[in-house]
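Visitor: Before we start, here is the structure in question, set down as structure tokens.
The values are calculated or read from the model by the stated rules, or taken from the named source; none is laboratory data. Keep in mind that what you see is a predicted model, and the values were worked out from it rather than measured. Cβ placement follows ideal geometry from the backbone for every residue including glycine, while neighbour counts extend to all protein chains displayed. Surface areas here come from the heavy atoms of the whole protein model, side chains and all, with no ligands, DNA or RNA. Shrake-Rupley method; radii C 1.70, N 1.55, O 1.52, S 1.80 Å.
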Amino acid sequence: MADTHATGWVMLGTDTGVGKTFIGCQIIEALRAAGHRVRARKPIETGCANQEGTYIPADATALWNAAGRSESLETVCPLRFLAPLAAPEAARHEGRRLEFAHDIAPLLPAPNDTRQPNDALWLIESAGGLMSPLTEDALGLALASHTRLPVILVAPDRLGTLSGLFASMEALDRRGIPIAAVILNRRPEDRSTQNDSSPDNLMHIRHWLPQIVTRMPHPAVLSHDQRFSTPVVPVLLGPVHTKSKPTT
Ligand SMILES: Nc1ncnc2c1ncn2[C@@H]1O[C@H](COP(=O)(O)OP(=O)(O)OP(=O)(O)O)[C@@H](O)[C@H]1O
Ligand SMILES: C[C@H](N)[C@@H](CCCCCC(=O)O)NC(=O)O
Ligand SMILES: [Mg+2]
């Protein structure tokens, strides 16, 4: 299958804290530098800061800034909770029970939404890992199964990532969700463990999925021009591949 007119992507991670927001902001900036407008969304954010009764969502604020503040922060992230927990649990702490169809679906593009060439691209970040509960009745990956948008799957570039990453790919494949890109992200804590016996995770994944895997260069080592011409963007705007899991 090839879809040369991408409508957008859902940012999923193999876990919480793997860099969805960090990478998502870089992708948004690169898409904008390539002339695209982006509709960033973090429909639910937990662990918000409480500033005199106003809940401040850090992830959504970063995505909102990267997207040029073209919409309101309320539009980017309408559901905000204080407790740094899985979304339905954080919501229960505040007396709410979240249901996907009622609370999340209205915030998303319609399933199989089409796009005119000048329309904005969606970039929608889940909360936590792809199998983390998002509502009482849905997991994070429901953002992709509902919208039919392809996934940008972020995994930490460290020893121990492959098993969880391949299991994540299987979970997406079981639901027929295509992967637009797998991004290996080397966070500071991952870099500190790099040495001569560091794993070549890219090699392992490319063995199964040659077209779609990439390692996101760290912005600090790139020039301004390089940062805004990341090789991920042509990958994302290229064809969507259906082969999304390792096979044995
Ligand atoms: N490549 C990187 N270089 C430096 N810092 C990074 C990198 N990747 C992630 N970080 C930092 O690691 C932390 C976790 O990353 P991030 O918030 O993007 O994760 P996440 O997957 O969006 O988590 P959540 O599940 O909470 O949404 C953040 O402080 C972020 O700035
Ligand atoms: C508090 C975290 N930062 C995150 C929620 C992580 C939930 C993880 C649940 C799990 O998989 O065990 N919230 C969020 O991304 O809005
Ligand atoms: Mg995040």
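Visitor: Taking region 168-186, which residues are open to solvent by 40 Å² or more (accessible area, probe 1.4 Å) and either part of a loop (DSSP other than H, G, I, E, B) or touching a residue at least 40 places away in the same chain (Cβ under 8 Å) (or both)?
Guide: Glu170, Asp173, Arg175, Gly176, Arg186
Visitor: Just to be sure before I move on: is Ala127 aliphatic (A, V, I, L, M), at pLDDT below 95 and under 27 Å from Ala30 (Cα atoms) in the structure I sent?
Guide: Spelling it out, it is not the case that Ala127 is aliphatic (A, V, I, L, M), at pLDDT below 95 and under 27 Å from Ala30 (Cα atoms).
Visitor: Could I ask something else about it? Of the numbered conditions (1) without any contact (Cβ under 8 Å) to a residue 40 or more places away in the chain; (2) within 25 Å of Gly176 (Cα to Cα), Glu94 fails exactly one; give the number of that condition.
Guide: (2)
Visitor: Still on this model: Restricting attention to region 80-129, which residues are crowded, with 20+ Cβ neighbours inside 10 Å, acidic (Asp, Glu) and part of a helix (DSSP H, G or I)?
Guide: The one that is crowded, with 20+ Cβ neighbours inside 10 Å, acidic (Asp, Glu) and part of a helix (DSSP H, G or I): Asp103.
Visitor: Can you find even one residue in region 146-156 that is open to solvent by 10 Å² or more (accessible area, probe 1.4 Å) and either more than 15 Å from Gly8 (Cβ to Cβ) or within 16 Å of ligand 3 (Cβ to nearest atom) (or both)?
Guide: Looking through region 146-156, none of the residues is open to solvent by 10 Å² or more (accessible area, probe 1.4 Å) and either more than 15 Å from Gly8 (Cβ to Cβ) or within 16 Å of ligand 3 (Cβ to nearest atom) (or both).
Visitor: List, please: which pairs have Cβ atoms under 7 Å, are six or more places apart or on different chains, and start with a residue in region 32-46 that is away from ligand 1 (no atom under 16 Å from the Cβ) and end with one that is basic (Lys, Arg)?
Guide: Filtered contacts from region 32-46: Val38/Arg32.
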